[in-house]
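The structure appears right after this line, and notes come after that.
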Amino acid sequence: MPNVSGGPRRRSKASWILGIPIAAAVVWGVYASYAPPPVGPMGEVMAPDEDVLTAQIVNSGIGILRNARLKNGDGVYRRDAHAKNHGCALADFSVTERLEEPFRQGVFAGRKYQAWVRFSSGNEGANSDWKPDARGMAIKVLGVPGTKLLEGEQDAQTQDFLMIDNPVFFIRNVEEYARLTKFQGEGSQFGYFFEGKNPFKWRLREFRLGLGILNVDMPLPKALPATEFHSMSAYKLGPRNNVKFMTKPVACKAGGDVASRWVSWSRNGLGDDLRDSLKADAACFDLMMQMQVPGKNMPVEDTTVRWSRNDSPFVTVARVELKKQDIKPQMDNGFCENLSFTPWHALPEHRPVGGLNRVRKAVYQNISRYRRCMNGMFYGEPLNDGSPKFGSKPCSALAPVPEAGESKTAAGGS
Ligand code: HEM
């Protein structure tokens, strides 16, 4: 109602009565969303029903990708997460010289490799880059000798490193993840966070972290070669140590700098920018590892806890140089889309650690096999020489998981 008296307007008693609880609820909500989780174990603890929850997560993943295919209407089965493909580039992967012994494990005991790097956005749909979303960077190191961890793909000569542009995940563990996917399967975006009528039980911390992952505080999409990416979950580094890892954009040449730039206004600005910038010049990242330190709050079973850099600084273990190149051909011929990254394409020295990583083993293998075989594509890993081709025959989604090393025909990329 307009203030017609001309004098200062006095608050009614009713507005005070309503205002105080609303203000208290806001204060409590902010406090609850920043409250730390209970301190978790430093080592691995497996939940008794993890296998059941894993099967549930795989099924809901297949449901999500089938729905996304129907929504897109182009007949293509895409990833149920990280479906938007900004491009993939060939890179030189050079291990840091004179690396200290605790870091000289697995691939880091070698010296020079080639790698494929795929950039993505996290959603199951290929949305505009202006829509809030996580960005992904996945590195596949080629020509890595040794038996790998993933059943059916033990002969693969690749080691993958998967990251997102946020230091922590928004879900703590497998049980919570299964709960989230249950709500997602029912088509409810917010049900997991605001479950039930009791606000004291709402998952406000997870909600805040989820907004962080979606970059809602950064409305303009930042160029991918200028973005930091994090493993968020933990991995072994040799027999004794656990680590988290990240990539940091760096200048390729001494004295150069990294352009920290926003991309164009277009719907596919991130991919367009990546293509244009790599056509003009190389782009570099340092791959860095952070060791778990005993006695500090660095759990492996809670991916929402950020390991403090003061407790353990990151150490550079390799340089990833995306070469100057035209990335359009491998985008156009489907090679990038058909790549499959999983933290379990790994040497035992880099074994993924913690519940969510354990679940990812079956989830990624099933989802990537399903989408690739349903598309009539190749199941398996690309050739070692850096050419955009696969070393296996097209597969059927109905057959058992094929051996990646099986039926090597050096078939071309899709
Ligand atoms: C916790 C840390 C996590 C990180 C850093 C991460 C990162 C990524 C990245 C970068 C990709 C895209 C890979 C590519 O370019 O092909 C990806 C794909 C995927 N992620 Fe995750 N993710 C995480 C957790 C999870 C969890 C907990 C699940 C489910 C249990 C999950 C399910 C998937 C699936 C199904 C794909 C698509 C796999 C395929 O079809 O190839 N992710 N993830």
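Summary of computed values
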read-out	value
√(5λ) per eigenvalue of the Cα gyration tensor, the chain, largest first, Å	38, 25, 24
Computed over region 335-397: relative contact order in percent, which uses C-alpha pairs under 8 Å that are six or more apart	30 percent
Listed residue pairs exceeding 20 Å between alpha carbons, taken from Lys323/Lys361; Lys84/Lys324; Lys112/Lys140; Lys361/Lys393	Lys323/Lys361; Lys84/Lys324; Lys361/Lys393
Anisotropy class of region 182-292 from Cα gyration tensor, a/c 1.5 cut	oblate
Phi to ³J(HN,Hα) by Karplus 6.51 cos²θ - 1.76 cosθ + 1.60 over region 248-259, Hz, x for Gly, Pro	10, x, 9, 6, 6, 10, 4, x, x, 9, 9, 5
Under-5 Å amide H pairs with Lys84, H placed in peptide plane, nonlocal only	Ser121, Asn123
Rg(Cα) / (2.2 N^0.38 Å) computed for region 42-197, rounded to two decimals	1.25
Cα gyration tensor shape for region 241-281, rounded if a/c is under 1.5, else prolate or oblate	oblate
Where chymotrypsin sites (Phe, Trp or Tyr not before Pro) fall in DSSP loop in region 169-253, at most 15 other Cβ within 10 Å	Phe190, Phe194
Helix 269-280 vs. the chain, principal-axis angle (Cα, 0 to 90°, nearest 10)	40 degrees
Label-point separation, Asn67 to Ser94 (7 Å along Cα→Cβ), nm	4.7 nm
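No lab work stands behind these numbers, since they all come straight from the coordinates. Bear in mind that the values here come from a model prediction, so they are computed numbers and not experimental data. Backbone-built Cβ (ideal geometry, glycine too); neighbour counts: all protein chains shown.
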